[in-house]
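Here is the structure we will look at.
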Amino acid sequence: MIEKSTLSMHTHRRPSRAAWPRVGAALLLLGALGAAACTSDVAVDKESLGVATQRGTYDLTSTYTGAVGDTRGWLIEWEVPVLLNESTAWTAVGQWYYNLESGIYHTPDGWFVYYFGDDNGVTGNHSSCNTQWGSGGTCGGSLSGLVPGQQVVFKYEWCTPERVASVTGTQLCLYVDMKDGAGWQFLAQDARSTVEMYAHDIEHFADVGPQYPEPQVSCEAPIKMLRQQLKTTSGVWQNMSGASTWSFYDADPYIYQNKNLSASPSTWEACTTPGTGTDCSGVPAWSSAQVYTPSTRVTDGGHLWEATQQIWWSHPQCPPSNPTSWCPAEWTDLGACN
């Protein structure tokens with residue numbers, strides 16, 4: 001999950017750095033246990049989880065092309081997207097500013113807020129954001145019940161060690177506003193090191209194994225970047241706009257759409273390519289007495305289906321004519337065939 005790539009932005013594959021096993025294991029553990037895992041005394045045995053060499057990819061990224069060093073803060077607002085395969089998808093939508101990452105993270109249990117890179121070990125001021133795993137953290141409880149259509153705003157500011165915003169401050173402070181009436185909640189603080197500023201509009205882990213299927217985002221209900229602002233060297237917040245402000249990289253099957261970089265602030269959307277996962281030509285029809293390995297795709301009933309685990313007998317739609325034992329939830333419906 002949450003580790004910045006030092007490779008080309010066209011690769012988005014993160015190397016094995018010392019921080020990754022800690023936070024990667026933590027986030028996977030949280031996904032497996034749900035929000036109840038967010039307790040301050042959780043101990044993570046990364047070796048037993050078998051994720052020490054975990055990797056994911058950033059398949060949609062937008063990179064700030066201006067001088068990051070001329071900014072003193074960054075505010076970015078996302079709308080929680082609809083995932084067509086929400087019961088199985090693992091993904092993250094978020095951003096890096098200097099060496100602090102934050103965003104929204106999805107497991108089969110739903111969406112929640114995460115942050116990573118707090119090497120100072122300063123915990124959040126929300127009761128559900130006080131968990132520290134190595135150099136990363138997550139927010140559960142009231143910050144975990146995100147639903148599609150909800151807006152989430154993240155704010156980074158140069159600050160003093162006392163969390164006071166300052167254009168000459170030596171620290172970087174990170175906050176989140178869940179639009180839940182609680183206002184801004186402090187998440188993390190760290191000294192600024194790596195100079196970077198970019199958003200990963202979709203991160204996925206399908207290349208790790210079949211237990212992490214490719215997230216499916218409808219272009220009818222896409223990921224939406226609703227607002228961005230930056231703080232100037234004089235401490236003034238202003239909307240970010242301009243066609244030359246951002247560069248975009250997308251990898252099949254994901255695309256950027258409806259980019260409006262001339263607006264103030266600039267906005268854009270991201271989704272799975274229309275028709276992708278439902279392009280059914282050449283895909284075999286489901287047949288009984290077959291062994292289907294994870295990620296295998298078949299057609300049935302005019303829909304495209306993907307196996308989520310090793311399958312011997314089960315029918316995608318489990319019609320009444322089939323034995324009950326053939327009908328566990330082992331298939332993901334990727335949509336109607338075009």
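The values are calculated or read from the model by the stated rules, or taken from the named source; none is laboratory data. Predicted model, so just to flag it, every value in this text is computed and none were measured. Every residue, glycine among them, receives a Cβ derived from its backbone with ideal geometry; neighbour counts consider all protein chains shown. All accessible areas refer to the heavy atoms of the entire protein, side chains included, with ligands and DNA or RNA removed. Shrake-Rupley method; radii C 1.70, N 1.55, O 1.52, S 1.80 Å.
Values for this structure:
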{"quantity": "Members of the stretch 159-200 that are open to solvent by 20 Å² or more (accessible area, probe 1.4 Å), under 15 Å from Ile76 (Cα atoms) and among the hydrophobic types (A, V, I, L, M, F, W, C)", "calculated": "Trp184"}
{"quantity": "Sole exception among (1) surrounded by fewer than 18 Cβ atoms within 10 Å (Cβ to Cβ); (2) modelled with pLDDT under 80; (3) more than 26 Å from the chain's Cα centre (by Cα) for Tyr292, by number", "calculated": "(1)"}
{"quantity": "Residues (among the polar types (S, T, N, Q) and under 19 Å from the mean Cα position of the chain (by Cα)) located in the stretch 62-77", "calculated": "Ser62, Thr63"}
{"quantity": "Single condition Ala36 does not satisfy, out of (1) modelled with pLDDT of 50 or more; (2) open to solvent by 10 Å² or more (accessible area, probe 1.4 Å); (3) among the hydrophobic types (A, V, I, L, M, F, W, C)", "calculated": "(1)"}
{"quantity": "Output for the stretch 295-320, where each listed residue is of a type outside the set (D, E, K, R), out of contact with any Ser or Thr (no Cβ under 6 Å at 6 or more places or on another chain) and at pLDDT 75 or above", "calculated": "Ser295, Thr296, Val298, Thr299, Gly301, Gly302, His303, Trp305"}
{"quantity": "Residues of the stretch 150-183 that turn out to be free of Cβ contacts under 8 Å to residues at least 40 places away in the same chain, over 20 Å from the mean Cα position of the chain (by Cα) and closer than 16 Å to Gln229 by Cα, as a count", "calculated": "1"}
{"quantity": "Residue match in the stretch 166-188 (condition: among the aliphatic types (A, V, I, L, M), modelled with pLDDT of 95 or more and either in contact with a Gly (Cβ under 8 Å, 6 or more places away or on another chain) or farther than 29 Å from Cys219 by Cα (or both))", "calculated": "yes"}
{"quantity": "Complete set of residues in the stretch 200-226 that are modelled with pLDDT of 85 or more and of a type in the set (Asp, Glu)", "calculated": "Asp201, Glu203"}
{"quantity": "From the options Ser234, Ser262, Ser241, Ser247, residue that is free of Cβ contacts under 8 Å to residues at least 24 places away in the same chain, open to solvent by 30 Å² or more (accessible area, probe 1.4 Å) and either farther than 14 Å from Gln95 by Cβ or not in a strand (DSSP E or B) (or both)", "calculated": "Ser262"}
{"quantity": "Members of the stretch 73-117 found to be touching a Leu at 6+ places or on another chain (Cβ under 7 Å), among the aliphatic types (A, V, I, L, M) and either outside any strand (DSSP E or B) or modelled with pLDDT under 90 (or both), listed by number", "calculated": "Val80, Ala89, Leu100, Val113"}
